[in-house]
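Below you'll find the structure, written out as structure tokens, and then a few comments.
The values are calculated or read from the model by the stated rules, or taken from the named source; none is laboratory data. No experiment lies behind these values; they were computed from the predicted model shown. Because the Cβ atoms are built from the backbone with ideal geometry, glycine has one as well, and the counts that use them run over all protein chains shown.
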Amino acid sequence: MERNPSKLVTVFGGSGFVGRYVVRALAKRGWRVRIAVRRPDLVGHLQPMGGVGQIAPVFANVRSKESVAHAISHSDVVVNLVGILSEGGKQTFDAVQKEGARNVAEAAKAAGVPHLVHMSALGADADGASDYARTKAAGEAAALEHYPGAVVVRPSVLFGPEDDFFNRFAGMARLSPVLPLIGGGETRFQPIYVGDVGQFVAAAVEGDIAGGRIYELGGPDVKTFRELMELMGEITHQKRKLVSLPWGLAKAKARVLQYLPKPPLTPDQVELLRTDNVVSEAAAAEGRTLAAADLDPRSMTAILPTYLWTYRRNGQFAEPGSAA
């Protein structure tokens, strides 16, 4: 795709965790960025990432075909980053990740937008045990149905200053001497720095990534959940006891916790944790990874200390051996 600063990309979910890094990468490359979100009044923090008028918010709800069509008008590329980790009210997995993805793809096709980039997740599986995994796979299918040349991106667990993974568990460790390991903590992950994902999506927008393929993005290290908690403890200087929580007991607890305003665990997430979250051998062999954009993934040991120091008792000046 020819690079042209006058071209417009509409990013659905641009105000989210991944979105801010995608928007920043696109703005630096000279794109005009339209951020399609449910609360345009809450995205002012993104506008300084570009020049005057380069980044503009617009209302859109992926459940509403009319608002989606309006947001897409006159776009050269559409990026769909919308996804949820737990359900609430009308924001169900089916409505957001399946039908929402279909609404975006159908509207973009009807508007004659030539290119679509769709964000999914490692673990997407049409036959998966979790609703999250099944609807992520359905969203991929909808994108590729209308755009056979779409770029579909499946990242593993994302880390970065605003993440909801390491920050969540570091926060829990502040309050409790014990951290639970669901299923023994043996599920494997390949965490990837959110900034690397933002750069990959920007490369896909510019046509530097071959379309019609599903890309699996992971970082340089594969670790079990137990190992991730140990790494987090080392960086935050929080020595906590790691206790195995059997699958059955975890699901029973999740049935209660799911009704909290921001549930720390749901039954669907327990099911999702039964499956490893790593780049497949096929994707690695076929080059359907971060390497497709000539990017070298940044490591957790390089990035995590830059923000997890806030959980140390004495902050960034704490000595390595000091306990929290």
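Tell me yes or no: at least one residue of region 56-77 is among the charged types (D, E, K, R) and within 22 Å of V197 (Cα to Cα). Walk me through how you get there before you give the answer.
Applying the first criterion (among the charged types (D, E, K, R)) to region 56-77 yields 63, 65-66, 76.
The next check asks that each one be within 22 Å of V197 (Cα to Cα); those that pass are 76.
Yes, there is a match, as at least one residue in region 56-77 is among the charged types (D, E, K, R) and within 22 Å of V197 (Cα to Cα).
All but one of (1) touching a residue at least 24 places away in the same chain (Cβ under 8 Å); (2) outside any helix (DSSP H, G or I); (3) crowded, with 17+ Cβ neighbours inside 10 Å hold for N61; state the number of the condition that does not hold.
With (1) touching a residue at least 24 places away in the same chain (Cβ under 8 Å); (2) outside any helix (DSSP H, G or I); (3) crowded, with 17+ Cβ neighbours inside 10 Å applied to N61, the lone miss is (1).
Name the single residue, out of those in region 233-265 being of a type in the set (S, T, N, Q) and either part of a helix (DSSP H, G or I) or modelled with pLDDT of 95 or more (or both), that is nearest to the chain's Cα centre (by Cα).
T236
Tell me, yes or no, whether region 90-103 has at least one residue that is in contact with a Lys or Arg (Cβ under 8 Å, 6 or more places away or on another chain), more than 28 Å from T187 (Cα to Cα) and at pLDDT below 95.
Within region 90-103 (the criterion being in contact with a Lys or Arg (Cβ under 8 Å, 6 or more places away or on another chain), more than 28 Å from T187 (Cα to Cα) and at pLDDT below 95), the answer is yes, since at least one residue qualifies.
Could you list, in sequence order, all residues of region 138-164 that are under 15 Å from the mean Cα position of the chain (by Cα) and either part of a loop (DSSP other than H, G, I, E, B) or aliphatic (A, V, I, L, M) (or both)?
V152, V153, S156, V157, L158, G160, P161, E162, D163, D164, listed by residue number.
Taking A143, is it buried (at least 19 other Cβ atoms within 10 Å of the Cβ) and modelled with pLDDT under 95? Full working, then the answer.
Values: buried (at least 19 other Cβ atoms within 10 Å of the Cβ): yes; modelled with pLDDT under 95: no.
Spelling it out, it is not the case that A143 is buried (at least 19 other Cβ atoms within 10 Å of the Cβ) and modelled with pLDDT under 95.
Would you check if there is a residue in region 66-81 being buried (at least 17 other Cβ atoms within 10 Å of the Cβ), at pLDDT 95 or above and closer than 27 Å to E271 by Cβ? Walk me through how you get there before you give the answer.
Start the filter on region 66-81 by keeping residues that are buried (at least 17 other Cβ atoms within 10 Å of the Cβ), which leaves 67-69, 71-72, 75-81.
Next, only the ones that are at pLDDT 95 or above stay: 67-69, 71-72, 75-81.
Those still in the list that are closer than 27 Å to E271 by Cβ too: 80-81.
Yes, that holds for at least one residue.
Need pairs with beta-carbon distance below 9 Å; first residue over 13 Å from R226 (Cα atoms) and within region 174-187, second of a type outside the set (D, E) and surrounded by 15 or more Cβ atoms within 10 Å (Cβ to Cβ); sequence gap 6+ or separate chains.
Cβ pairs passing all conditions: R174/T236; R174/Q238; R174/Y311; R174/A324; S176/R240; P177/R240.
Within region 247-269, does at least one residue satisfy the condition of being surrounded by fewer than 19 Cβ atoms within 10 Å (Cβ to Cβ), within 27 Å of S86 (Cβ to Cβ), among the hydrophobic types (A, V, I, L, M, F, W, C) and in contact (Cβ under 8 Å) with a residue 40 or more places away in the chain?
Looking for residues that are surrounded by fewer than 19 Cβ atoms within 10 Å (Cβ to Cβ), within 27 Å of S86 (Cβ to Cβ), among the hydrophobic types (A, V, I, L, M, F, W, C) and in contact (Cβ under 8 Å) with a residue 40 or more places away in the chain, one finds at least one in region 247-269, hence yes.
Can you name every residue in region 98-134 that is assigned to a helix (DSSP H, G or I) and touching a residue at least 60 places away in the same chain (Cβ under 8 Å)?
Of everything in region 98-134, those that are assigned to a helix (DSSP H, G or I) and touching a residue at least 60 places away in the same chain (Cβ under 8 Å) turn out to be V104, D131, Y132, A133.
Please verify whether G198 is under 30 Å from V78 (Cβ atoms), surrounded by fewer than 19 Cβ atoms within 10 Å (Cβ to Cβ) and touching a residue at least 12 places away in the same chain (Cβ under 8 Å), treating the condition exactly as stated.
no
To keep it simple, each residue is scored yes or no on (1) without any contact (Cβ under 8 Å) to a residue 60 or more places away in the chain; (2) within 22 Å of T135 (Cα to Cα).
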{"position": "K7", "(1), (2)": "no, no"}
{"position": "R39", "(1), (2)": "yes, no"}
{"position": "S67", "(1), (2)": "yes, yes"}
{"position": "I72", "(1), (2)": "no, no"}
{"position": "G83", "(1), (2)": "no, yes"}
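Is at least one residue of region 46-58 farther than 26 Å from L144 by Cβ, in contact (Cβ under 8 Å) with a residue 12 or more places away in the chain, touching a Leu at 6+ places or on another chain (Cβ under 9 Å) and part of a loop (DSSP other than H, G, I, E, B)?
yes
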